[in-house]
Every structure is written in C-alpha cells, then in structure tokens.
1. Rounded, prolate or oblate: pick one for the chain, where a ≥ b ≥ c are the square roots of the eigenvalues of its C-alpha gyration tensor, a/c under 1.5 means rounded, and failing that, prolate if a/b is larger than b/c, else oblate.
2. Have a look at the DSSP beta bridges in region 7-63 and tell me what percent are antiparallel, nearest 5.
3. In whole angstrom, note down how far apart the Cα centers of region 57-76 and region 80-151 are.
4. Within 10 Å of each residue's Cβ, count the other Cβ atoms and sort Cys112, Cys102 from fewest upward.
5. What number of lysine-lysine pairs in the chain show an alpha-carbon separation below 13 angstrom, given a sequence spacing of 8 or more or placement on distinct chains?
6. Can you check how the C-alpha radius of gyration of region 33-96 compares to 2.2 N^0.38 Å, as a plain ratio?
7. Out of all DSSP beta bridges in region 75-149, what portion is antiparallel? Express it as a percent rounded to 5.
8. To make sure I understand, if each residue's beta carbon is the centre and we count other beta carbons within 10 Å, what order do Lys137, Lys125 fall in, fewest to most?
Amino acid sequence: MNKITPFLWFNGNAEDAAAFYISVFPNSKKLSELRVTEAGPGPVGSLLAMDLVLDGQQVTFLNGGPVHQLTEAFSFTVRCETQAEIDGYWAKLGDGGRELGCGWLKDKFGLCWQIVPANIKELLKHPNAMRAMMQMKKFDIAALEASAQAQ
C-alpha cells in the first residue's frame with residue numbers, strides 16, 4: 001500500500017462505486033475490505049471500508065454516511081492520449097452524472113473527474129488554446145491543438 005492514499009467518503013454506496021470504477025478503468029481491482037462486525041457502526045456484514053487500485057492509483061473508500069459529501073474541491077485527473085479515450089471516459093463516467101466544464105464532470109456518485117488530453121499543460125501555454133478550453137465542456141483535442149497553433 002502507498003504511504004499516501006486518497007481516502008474518499010461515501011454515503012452507503014462505496015461498494016457500488018468501487019465496482020463501477022473497477023469496470024471503467026483497466027488494471028483495476030479490489031485489494032481488501034473491512035466489513036462491519038457486531039461492534040458496529042452499521043448493519044453487521046455491510047461494507048465499512050475498501051482499498052482498491054484504479055488503473056494503478058490506490059484509493060480507500062469509506063461508507064461514512066451522510067455527514068460529509070464529496071465535493072468539487074477534490075477530483076481525479078485522467079490523462080488521455082486520444083480523442084477516443086476522452087470520449088470513452090466521458091461517456092462512462094458521465095452516465096448518470098453531469099458535465100461541469102473545462103473537461104470536468106461529476107459522476108453519479110458525486111465524484112469529480114477531469115478528463116484531459118495528456119499534453120493539456122503544454123497546450124494551455126498558448127492563450128488561444130486557453131480561450132478555446134474555457135468554452136468547452138468535454139475536451140476536443142483537435143480544436144485545442146488548432147487553437148494552440150493559431151497566431
């Protein structure tokens with residue numbers, strides 16, 4: 001296990017979220033889980049916490065209840081090499097969620113994702129590409145590259 005691992009709080013749906021993300025990202029799997037015992041909290045046998053790997057990134061999910069909600073202040077970035085990859089992640093993660101803008105979306109569990117071209121920082125060094133990005137929801141690599149090359 002990594003020394004530093006993101007720890008995400010869910011409201012009773014951590015197990016469903018984990019199964020969904022494992023299905024979306026290649027090279028993903030459940031590492032371990034902690035189930036509730038008679039000591040609580042919650043129904044005996046229900047999931048309390050789960051460690052998983054999402055395409056190489058270790059994450060811990062907690063069924064913490066309604067006290068805290070996921071927020072846009074935290075997101076995962078998915079760097080994509082092709083437009084097809086952007087389109088695929090956008091469709092899967094956006095299903096049941098909502099588009100936010102500038103390559104961001106919030107999925108059906110309330111977790112935010114940035115679906116970006118792998119070279120986004122290089123592209124955004126160009127003011128025209130930055131202006132183009134500000135008008136986009138889902139990124140269009142060809143349009144960003146054309147904007148970056150425009151004088």
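Just so it is clear, none of the values below were taken in a lab; they were calculated from the coordinates. Values in this document were obtained by computation on a predicted structure and should not be read as measured data. Cβ coordinates were reconstructed from backbone atoms using ideal geometry, including for glycine residues, and neighbour counts include every protein chain displayed.
1. Values: a/c = 2.83, a/b = 2.40, b/c = 1.18.
Prolate, because a/c is 1.5 or more and a/b exceeds b/c.
2. Working: 13 of 17 bridges.
Approximately 75 percent, going by the DSSP bridge assignments.
3. 23 Å
4. On the way: Cys112 19, Cys102 14.
Listed from fewest to most nearby Cβ atoms, that is Cys102, Cys112.
5. On the way: Lys92/Lys106; Lys92/Lys108; Lys92/Lys138; Lys106/Lys137; Lys106/Lys138.
Lysine pairs meeting both conditions in the chain amount to 5.
6. On the way: Rg = 16.0 Å, N = 64, 2.2 N^0.38 = 10.7 Å.
This ratio for region 33-96 stands at 1.50.
7. Details: 6 of 12 bridges.
In region 75-149, DSSP labels about 50 percent of beta bridges as antiparallel.
8. Working: Lys137 15, Lys125 9.
By the 10 Å Cβ count, ascending, the order reads Lys125, Lys137.
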